[in-house]
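**Q** Got a structure for you, written out below as structure tokens; questions coming shortly.
The values are calculated or read from the model by the stated rules, or taken from the named source; none is laboratory data. These numbers were taken from a predicted model, which means no experiment stands behind them. Methodologically, a virtual Cβ is constructed for each residue, glycine included, from the backbone with ideal geometry; neighbour enumeration extends over all protein chains shown. Note: accessible area is taken over every heavy atom of the protein model, side chains too, but ligands, DNA and RNA are not part of it. Shrake-Rupley method; radii C 1.70, N 1.55, O 1.52, S 1.80 Å.
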Amino acid sequence: MPQRILLGLLCLLLSACGSGGSGSSGANVPITHFYYAYDLLLECGQPVFPNPPIVEGGIPTQYELLLGELPPGIFFNSSTGEFFGVASEATPAELILVQASNEVTQINAALVVQVYAADVCIPSYPNGTLTGTVGEFVTFAPPFPCGSYSVSPPLPLNTGVNFDTTTGEFYGIPLIEYGPSIHTVTASNCLGEWETDIEIEFNLPP
């Protein structure tokens with residue numbers, strides 16, 4: 001009896017449980033590997049970076065949290081196996097166990113989730129000026145991303161340049177002549193908000 005219990009626990013925690021199927025659908029094919037590339041190590045007030053599950057073999061039809069409790073503000077998508085949200089308070093390291101399953105397989109993956117206490121998050125950009133040439137790719141980002149970001153006023157869509165609210169990066173290919181214009185970037189986390197003004201200008205090629 002102890003051996004059967006031990007084998008059952010090993011099956012739950014480490015291995016793929018289930019039998020193979022004969023259908024050609026991905027839901028009928030055994031899932032051979034399932035894991036996450038990164039642990040979720042976040043600063044309080046920071047959005048979850050994309051960390052989709054990596055799956056080989058069959059296609060999971062659902063995901064389930066088997067073990068562990070997510071920090072406040074962090075959520076789990078049972079359809080895609082992804083984590084999302086913004087960490088709202090610091091928490092110690094927590095082991096999370098996720099199960100992916102389809103018609104013939106149940107397989108588990110573990111990762112660690114931890115939210116660190118926030119520090120001052122000042123949105124610092126080199127020189128405080130973004131300049132670019134129409135038709136040429138530009139990127140402009142703070143050297144040490146923290147918290148989450150917003151920009152006001154937002155860049156017009158027809159400029160062709162985007163703003164990443166997770167990293168604070170401006171990126172894209174300018175499509176029109178624009179500026180100079182002052183935009184305020186706000187960085188926020190669990191400690192508060194900080195602002196900085198940057199000047200943005202896109203010029204026509206010489």
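**Q** What is the ratio of the Cα radius of gyration of segment 24-143 to 2.2 N^0.38 Å, where N is its residue count, to two decimals? Numbers along the way, then the final one.
**A** Details: Rg = 18.8 Å, N = 120, 2.2 N^0.38 = 13.6 Å.
Cα-based Rg divided by the globular estimate yields 1.38.
**Q** For helix 2-13, report the angle its Cα long axis makes with the longest principal axis of the Cα atoms of the chain; keep it between 0 and 90° and round to the nearest 10°.
**A** It works out to around 20 degrees.
**Q** State log₁₀ I(q)/I(0) for segment 87-206 at q = 0.10, 0.15, 0.19 Å⁻¹ as given by the Debye formula over alpha-carbon point scatterers of equal weight, solvent excluded.
**A** For segment 87-206 at q = 0.10, 0.15, 0.19 Å⁻¹, log10 I(q)/I(0) is -0.46, -0.74, -0.94.
**Q** Considering every Cα-Cα pair within segment 107-153, what fraction, in whole percent, is farther apart than 13 Å?
**A** 73 percent
**Q** Let me ask you something else. Go through segment 114-206 and name the chymotrypsin sites (Phe, Trp or Tyr not before Pro) that are in a DSSP coil and have 14 or fewer other Cβ atoms within 10 Å of their Cβ.
**A** Values: sites: TYR116, PHE137, PHE140, TYR149, PHE163, PHE170, TYR171, TYR178, TRP194, PHE202; in loops: PHE137.
The qualifying sites are PHE137.
**Q** Using θ = phi - 60° and the Karplus relation 6.51 cos²θ - 1.76 cosθ + 1.60, list the HN-Hα couplings for segment 151-162 in order, rounded to whole Hz, with x at every Gly or Pro.
**A** For segment 151-162, the Karplus-derived couplings read 9, 9, x, x, 5, x, 4, 6, 6, x, 10, 9 Hz, x marking Gly and Pro.
**Q** If you don't mind, another one. Please list, in order along segment 120-127, the HN-Hα scalar couplings obtained from phi with the Karplus expression 6.51 cos²θ - 1.76 cosθ + 1.60 (θ = phi - 60°), rounded to whole Hz, x for Gly and Pro.
**A** 4, 10, 8, x, 9, 10, x, 6
**Q** Something else: How high is the relative contact order of the chain, in percent, counting Cα pairs under 8 Å that sit 6 or more residues apart?
**A** Computed over the chain, the figure is 19 percent.
**Q** Also, quick follow-up: Counting pairwise Cα distances across the chain, what percent come out greater than 24 angstrom?
**A** Working: 11850 of 21115 pairs.
The share of Cα pairs beyond 24 Å in the chain comes to 56 percent.
**Q** How much area per residue is accessible in segment 107-200 when the probe is 1.4 Å and only protein heavy atoms are counted (Å²)?
**A** So segment 107-200 comes to 49 Å² accessible per residue, rounded to a whole number.
**Q** I would also like to ask the following. I need the phi-derived Karplus couplings for segment 86-99: 6.51 cos²θ - 1.76 cosθ + 1.60, θ = phi - 60°, integer Hz, Gly and Pro marked x.
**A** So the Karplus estimates, Gly and Pro as x, are 10, 5, 9, 7, 5, 9, x, 4, 10, 7, 10, 10, 10, 10 Hz.
**Q** Where in the chain lies the longest segment free of GluC sites (Glu not before Pro) that are both loop residues by DSSP (not H, G, I, E, B) and have at most 12 other Cβ atoms within 10 Å? Spell out each step's value before the answer.
**A** Numbers: sites that count: GLU69, GLU136, GLU177.
Answer - 1-68.
**Q** Select from PRO180, ILE96, GLY135 the residue farthest towards the positive end of the dipole of the chain; place +1 on Cβ of Lys and Arg, -1 on Cβ of Asp and Glu, and compute about the Cα centre.
**A** Working it through, the farthest residue towards the positive pole turns out to be ILE96.
**Q** Given the Cα-Cα distance of GLU199 and ASN28 and 0.36 nm per residue of separation, how much length would full extension add, in nm? Please list the in-between numbers first.
**A** On the way: separation 171, 0.36 × 171 = 61.56 nm, distance 5.53 nm.
Stretched out fully, the GLU199 to ASN28 stretch lengthens by 56.0 nm.
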